[in-house]
Every structure is written in C-alpha cells, then in structure tokens.
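Beneath this line is the structure, given in structure tokens, with notes to follow.
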Amino acid sequence: MGMVLTAVAVLLLLALVFGALLGYAAVRFRVEGDPIVDQINALLPQTQCGQCGFPGCKPYAEAIANGEAINKCPPGGETTIQALADLLDVEALPLDGEHGEEKPPMVAYIREAECIGCTKCIQACPVDAILGAAKQMHTVIVDECTGCDLCVEPCPVDCIDMVPLPVTTRNWRWDMPPAPPLAAAERGAA
Amino acid sequence: MTAQIRIHDIPGGIHPPENKAQSTTRGVEQPPLPARLILPLLQHIGVPAEPVVKVGDHVLKGQLLATAQGRFSCALHAPTSGTIAEIGPAPYPHVSGLHEPAIVLDSDGEDRWVELEPIADYRALDHVTLVEKLAAAGISGMGGAGFPTATKLLSRPDHRIETLIINGAECEPYITADDMTMRHYPAQVVTGIEILMHVLTPEQVLIGIEDNKPEAIAAMREAAQHNPTIRVVPIPTKYPSGGEKQLIQILTGREVPSGGLPADIGVLCQNTGTALAVHDAVMLGRPLISRVVTLTGGALERPTNVQALIGTPISELLAFAGLQRERLHRLVLGGPMMGFTVDPQAPIIKTSNCLLAATEQELPTPPPALPCIRCGLCAEACPAQLLPQQLHWFALGKDYPQLQRYNLFDCIECGACAYVCPSSIPLVQYFRAGKGEIRAIEQQHTKAEQSRVRYEQRLERLQREAEQRERDRQARAEKAARAKAAREAREAQEQQTGAATEPDLARVKARIPTLSPEQKQLKIAAATARMALQKAQKQLNANPDNSDLQAQVVQLEQAHAEAQQAFEQATSQEDT
C-alpha cells in the first residue's frame, strides 16, 4: 500500500514539475505573430494587385495559412505556386484561370499630354509609385511600379497604358537550349 | 635573375587548335579613319556614362563626350575630331543584337587632338591623383570583362596587394591582340606596369605569358630587364589559363575563394592592353580611344591586327582585312570559345579584342545535341572543378537552388565542357541561361521586398492620416460643443438679468465702431465717389489727350473730396 502511495506521489510531483516547466516555456518562448503567414507573404510577388480576390498580398497570405487555395496569384505564376507548394507541403495546382493569366512583367505608362491631373490614380496605387499633384501632370516611377493594373480603372480619361518592361542588353537573358531528344533506345520503344 | 618562379597546374583545361599564326605576320596596322563612329555609353561593367555634348557640337580628338556615373562607370572620349551627329539607340556589340544608347560621331577627317596633359614624372604623384587620372582617361579592363580600372585598383583598400599579375596568357584560339601589343609596345607596357606598381606597391609583379608566344616573351623580358621586381613567367599553353582566377592559380598556386575577389588573397590582375592604356593615359595624357584588335578567320584575305579607334564599325574593319563575303559563315566577336555572333553594323568597344570571320570549316554548325551519356569528360575538362553534367541536369529541371548549391556562379563560361562533350550538348548555354534565371529571380525578390515595404508604409501613412482626421474632427466637435454650451449659458443668463449681457455687448462694440444709418450712407457715398474717380483716372491714363475725361476727373475729385469731408464730419461729431 505504501508503495502505491509513493508511486502516486512521485508521479504527481513529476506532473507538477513538468507542468510548471511547460507553462514557463510557453511564456518565455512565446512566438509573436504567425510566422507561417510571413513566410507565405515572402513568397508572394507583392504586386498588391488584388487579382486573388483579397485586398493585398498579406491578406491572401493569411487566407492561405487558413487553408485558401494556393493557385490564385497570376502575377506570381507557376514559380510562386511551386514555391508555396514546397513550403506548405501541398500539391502544386495549375493557376486558377478565373483570377487571370500569367503575363510578362508590365509597368504602367501615363500618356502625359492627356493627363488632367485628377490624382485618382495616385490614390489607387498600392505602392505610391505615381508622382503628381492636383491639376498637375502625373507620371509613373517605373522602378517602383509593380504592374498591378489598379490605376487603369480609376483614370477618367483613360490615359494609362500597361506596357511590357522594355528589354535592354542589361536585362536580356539567354534562352535555355531546347530539351535534348530522347535516347535512341527510348525513341525506338516509343 | 632571381629564383625560378614555380608554375602550378590548373585542373582540367583543353588544347584546341591554336590558329594564331595567321594574324601575326603583318604587325599592328593602322586602318583608314572611319567616316562615322558609334560610341555606346555602356562599354564597361556597370552604369552607362552620361553625355556632356549635344547633337551638332564639334569635338576634338580626345575630348570628353560622356562622364562616369559613380564608381562603377567609365568616361568616354572622342576617338577623332568631328561633329556629334546623333545621341540615341545604335547598334551595339551584344549577343542579343539589341541596340543601346550611343553617341554617333561624324569624323571631319582632320583627326585634330585636344590639348593633352601628360604627366612628366608620375613618381612625384601620390596614388590617389594617379588613379583619378586613370579614371578620367576612361580606362576599363581590356581583357574582356571591362571592369573600370580605377575602381579595380581601389577595390579592396584594406587589403594589401602583394602580387600584381599582368595577364598576357591569351589562351583563346585565334586571338593575338595581347601578343602583338607585347611584341610591338613592350617598353610602353612595362612603363604602364611601373605606373600600376607605383599605385599598388606590390612585392612582386608577374607577367604570365603562354609559351606559344616566344617573341612576346623575349620582347617583354628585354623591356623589363632593368626592373628586378617585374618577372616574365612563361606558362604552359592550355586553355583557359588566361582566365583571371586560372592565371592566379598557375602563378601563385592559390585559389580565389568562391564569390571573392583576387584582392582577397592579395593579388590583382591586369591585362597587358590595360597596362598599355595606363601608359598612354599618364605618359602621353591620351584617354582610351583606341585598342589593338585582331582581325582573323578564314573568310579574311589578309588576317592581321589593327590599332582600331573605339567606335569603328565592325564592317569597316572587316573590309580593311579583305572580307570574302561568300566564305563567311559566322562573324564572331571574341574567340571561338567564348565569343558571340555579332552584327557587322555594331562598333568595336573598349572590350573587343578579336573579330573572327569564320568559314563553315572553322566554326561548323554544331550537330544537334544528343542525350547526356554521363561520360564525365566535362567534369575532367572543367578548370573550376565544377560538375557540368550535374549542373546541366539541374538547369534542365529548372532546379535553381540546386544549381546554386553546385556553385553555378563559379563557372567562368570558358566552354571547355561543351568542347569535349561527345553528345555536343551546348552546356555553356544552359549555364548562362541558368545564371540569367537566378539573377532575374533574385531581382524579383528584391523588388517584391521593396514593394512590400512601400505598401506597408502606405498603409501606415493612410492610417496615420485617418487618425489625424479623426482627431481633428473630435477637436472640432468639442469646440462646437463648448461654444454651444457657452451660448446656452449666456442666453439663460440674459433671460435672468437683461443688463447682465451688457459687458459682452460693450466688448463687441469697442471692437467694431458702430455707425448710425446716416453715417453709413455718407460712408457709402464717399466710397462710390472714390471708385468713380479711380475709374476715370484709369481711363485718363489710357487716353491722356481726352479733354472730356480731364474735365470729368476734376469734377469727380471735387465730389469725392466733398463726400469724404461730409463723412468725416459726421463721424467726428459722433466722437466728440
């Protein structure tokens, strides 16, 4: 009988000690925020275009963390989907066409002669990449523009075009050579 | 003579046919002055230069055309006298065939120099002044990469440069520009080296020359005889011993760390052509406006080397060397291993060392690539000890992290692997494409990060503004509430005691002088009269000869004076 009591007492003591330890660790090593959201957000292209149906990349990252599909980001395209799939260990789905198609990088261009200086595009720009003031001509800071399209819609005189980024010798890239043919044996089998 | 320098070996390497003899028989020739020169603003690694001339300006030979923009940039000078015809996109020697901004200069045929400022005794100058002189002369590395020389000399101010290596290896087949530079300008090259020594104060200077250039070795030995610090070191002929990292390894036995600079191990490497340009800049005061270019290949009647002005169109140099158009199969800028196909309209720039007009036999169209058989010859040939075969698989699978893990960025793109590949797989193209992709992805990440920061800052700003508006609104509401309370209190008081409002009224009255209705009318009359008078005076100023107006003005003046007087009387009566 004494043995049983001792065992119960020892186990109780152990439970208390470890409980206290866990409780302390939970307070001491508390993780601020949700790190997975930041990791997802770091993979998104940060165009803040809202094509995914969320009001920016961070909200979409939060939604993905809560189980939203990972294939709703057209600017990120296949690369982003693949990276998200690797991070979250889920299957890489093809891009959801409903939210748009993958396009080459674009930048907004304001036809300055037609601009009436209404500042509507400035208010729409999620990254403050449009420079101008009321009744003054506006212009786009090309290096800051994410090509999100959000300024095109509000323009009352339709003077904003989305143009592809110009290719120069400095951003030109070599093409991958075409994939080699199958080995002769495989060709014979095919 | 001091102790023999120990020669080390590099891993891998190949021995392609040299084909150098054709172009060394005619010395360094002077081609005719071109009628039109194309001077791209980007002839070096880094930021394009900024033009300081306008279209229509007349410039002299050696005059500054464009200034360097920051440290990673290079000034540009007029190679001959003439008129600026155009500033804008022009053909550019690049593998893409894209055009680049350039200054187009129409030569006037006089070839008249601007006043030059040679330095009589460079030893009297400190190294900062000398480096500034080199920067002002627009010198960038002439071996191929085009790194601004002044910046390279200052690249690691905290590292002591123990060994200065002068690269005269010139390992790539067909090219003989450095060979001819050393044969024909040995004294100038050595003076250039001595100037670099004055800047860097190295313990030893090694001139590495492949042993297939006995004339250059002899010429350099003789020119450098007087200086025991400078040693000419013949090295075994093997491609790519002329790569910067490879030559350093051959001459010192030490490897440049991955991702590092030669300066990290106390070594600095300069091309022989650069040494010549340094001599010209300091001793003659001449900026870099010309360079030795090899014109070679089976499609040329008389392969040779020329002292070509920077900006000379390639087609004119080919015509000088007797291009046989029907035999030309591929026109390559650079050598057969690392060169690229170029547009003959493009000009020679500071980094162009060779034009290879190859026939079908010399550079045959490569047979279609076959699958990799994993023979491993490429890994044996790689001078950087990489695994080209593995890299090629990763590139095919677009596995960029794996490419980086296998040190893709240590690849010097020498082409030895593709040369030995029995399946003729264009390995280097895979690596170039892979590097391009990785750089683009990194750039995207940087941009995404920048956009994220800007987006968050914008949100913060909007929030701040909203809070400020809210605070303002509350402040206004409070003020209105206070004013209302005060008014209500006053009204309540007024109802209680009629006289209690008097102090307030008195204060208001003291501030605004009250006028009786009669006085008000007088004031209005005076103001009307003044207005009428002013209007008439203005009309009179416009037509001074009009006598009617003159009379009118006199009348109005009188009327105004009367009205004013009446008003003043009325008010003064009130006051007294």
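Where helices (runs of 4 or more DSSP H) fall wholly inside the range B:487-576, the ranges with 3 or more residues that are among the charged types (D, E, K, R) and at pLDDT 75 or above are B:517-542, B:547-575.
Restrict the check to the range B:154-171 and report whether at least one residue is out of contact with any helix residue (DSSP H, G or I) (no Cβ under 6 Å at 6 or more places or on another chain), under 16 Å from residue B:287 (Cα atoms) and not charged (D, E, K, R). The answer is no, given that none of the residues of the range B:154-171 is out of contact with any helix residue (DSSP H, G or I) (no Cβ under 6 Å at 6 or more places or on another chain), under 16 Å from residue B:287 (Cα atoms) and not charged (D, E, K, R).
For the range B:105-142, the tally of residues that are in a strand (DSSP E or B) and buried (at least 20 other Cβ atoms within 10 Å of the Cβ) stands at 3. Annotation: of all residues in the range A:134-164 being over 16 Å from residue A:111 (Cα atoms) and exposed (fewer than 15 other Cβ atoms within 10 Å of the Cβ), the one that is modelled with the highest pLDDT is A:134.
Quick grid of which residues meet (1) of a type in the set (Gly, Ala, Ser); (2) more than 15 Å from residue B:277 (Cα to Cα):
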| site | (1), (2) |
| --- | --- |
| B:58 | no, yes |
| B:64 | no, yes |
| B:89 | no, yes |
| B:98 | no, yes |
| B:106 | no, yes |
| B:109 | yes, yes |
| B:132 | no, no |
| B:135 | yes, no |
| B:143 | yes, no |
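In the set (1) in a helix (DSSP H, G or I); (2) within 14 Å of chain B (Cβ to nearest Cβ); (3) loosely packed, with under 15 Cβ neighbours inside 10 Å, residue A:81 fails one condition alone, (3).
Could you please let me know if residue B:248 is under 25 Å from residue B:357 (Cβ atoms), surrounded by 24 or more Cβ atoms within 10 Å (Cβ to Cβ), in contact with a strand residue (DSSP E or B) (Cβ under 8 Å, 6 or more places away or on another chain) and touching a residue at least 40 places away in the same chain (Cβ under 8 Å)? In short, no. Taking the criterion of being in contact with a Ser or Thr (Cβ under 8 Å, 6 or more places away or on another chain) and assigned to a loop (DSSP other than H, G, I, E, B), the residues of the range A:119-166 that qualify are A:126, A:127, A:129, A:132, A:133, A:134, A:138, A:144, A:146, A:147, A:148.
All conditions in (1) more than 14 Å from every other protein chain (Cβ to nearest Cβ); (2) surrounded by fewer than 19 Cβ atoms within 10 Å (Cβ to Cβ); (3) assigned to a loop (DSSP other than H, G, I, E, B) hold for residue B:386, with the sole exception of (2). Give the number of residues within the range A:55-72 that are farther than 14 Å from residue A:95 by Cα and either under 10 Å from the mean Cα position of the chain (by Cα) or more than 13 Å from chain B (Cβ to nearest Cβ) (or both). So the count comes out to 12. Taking the conditions exactly as written (touching a Pro at 6+ places or on another chain (Cβ under 9 Å) and at pLDDT 95 or above), does residue B:44 satisfy them or not? Criteria not met by residue B:44. Where helices (runs of 4 or more DSSP H) fall wholly inside the range B:143-257, the ranges with 3 or more residues that are more than 30 Å from residue B:41 (Cβ to Cβ) and not polar (S, T, N, Q) are B:177-184, B:186-200, B:214-223, B:244-252. Among residues belonging to the range B:420-469 that are within 23 Å of residue B:383 (Cα to Cα) and at the interface with chain A (Cβ under 7 Å from one of its Cβ atoms), point out the one that is surrounded by the fewest Cβ atoms within 10 Å (Cβ to Cβ). Within the range B:420-469, the match that is surrounded by the fewest Cβ atoms within 10 Å (Cβ to Cβ) is B:436. For residue A:75, the conditions (1) buried (at least 17 other Cβ atoms within 10 Å of the Cβ); (2) at the interface with another protein chain (Cβ under 10 Å from one of its Cβ atoms); (3) in contact with a helix residue (DSSP H, G or I) (Cβ under 8 Å, 6 or more places away or on another chain) are fulfilled apart from (3).
Kindly check whether there is at least one residue in the range A:132-139 that is within 11 Å of chain B (Cβ to nearest Cβ) and of a type in the set (Val, Ile, Thr). Checking the range A:132-139: not a single residue is within 11 Å of chain B (Cβ to nearest Cβ) and of a type in the set (Val, Ile, Thr). Here is the figure for the range B:177-193: residues that are over 29 Å from the mean Cα position of the chain (by Cα) and either among the acidic types (Asp, Glu) or surrounded by 23 or more Cβ atoms within 10 Å (Cβ to Cβ) (or both) total 5.
Condition check: away from chain A (no Cβ under 14 Å), surrounded by fewer than 18 Cβ atoms within 10 Å (Cβ to Cβ) and not small (Gly, Ala, Ser). Does residue B:98 satisfy that? Answer is no for this residue.
The values are calculated or read from the model by the stated rules, or taken from the named source; none is laboratory data. Predicted model, so just to flag it, every value in this text is computed and none were measured. FYI the Cβ positions are ideal-geometry reconstructions off the backbone, even for glycines, and counts take in every protein chain you see.
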